[in-house]
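The values are calculated or read from the model by the stated rules, or taken from the named source; none is laboratory data. Since the model is a prediction, treat every value here as computed from it, not as a measurement. Glycine gets a Cβ as well: all are built from the backbone with ideal geometry, and neighbour counts include every protein chain shown. For the accessible areas, the whole protein counts, side chains as well, though only heavy atoms, and no ligand, DNA or RNA atoms are used. Shrake-Rupley method; radii C 1.70, N 1.55, O 1.52, S 1.80 Å.
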Amino acid sequence: KPIHLEELTEALTAVRRRPDVPQPSSPVDAAVVRKLVVSLGAEGPGSVGPLIEAFVAHAPDEIAALRHAVDRRAVDDVRRGAHTLKSNAASFGAVQLEDLCRELETEAKAGTLDRGPVLVDRIAGELGRVTEELAALRAELRG
């Protein structure tokens, strides 16, 4: 059978972490960031810093766009925004943020946004924790 990468990616990202496994207390898994640095070779330390800066700089706009889309009940815009933020969170090992975005994306795919405002508030709070941690990791990369 042919393998459809998009479907495989969706299926793998939809798998939930087991609830009996304790989640890390840090909002960012630094090992994921280190792995990203290594994967980029010699350019890694110089490349990941700007990626972090771009993510942190655009985060407030992404939250504002999500809030606006939820208020308008624009499920397609919510789905796309949550998916983008989920993917970015995964790139930096922000597991809790990724999970919250996945919940919002799932609601939007189902065509309902009943929990949308609450989820956006939770995403915004977690995003604040993530951006603080990423700023610290960014400083380490410069060091």
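Some points to look at:
- Some residue of segment 82-98 being among the hydroxyl-bearing types (S, T, Y) and touching a Cys at 6+ places or on another chain (Cβ under 9 Å): yes
- Selection from segment 84-132 of residues that are acidic (D, E) and farther than 17 Å from H58 by Cβ: D99, E103, E105, E107, D114, D121
- Candidate set: segment 37-52, residues that are buried (at least 16 other Cβ atoms within 10 Å of the Cβ) and of a type in the set (V, I, T); chosen: the one farthest from L113 (Cα to Cα): V37
- Considering residues of segment 24-35 that are more than 15 Å from the chain's Cα centre (by Cα) and touching a residue at least 12 places away in the same chain (Cβ under 8 Å) only, the residue least open to solvent (accessible area, probe 1.4 Å): A31
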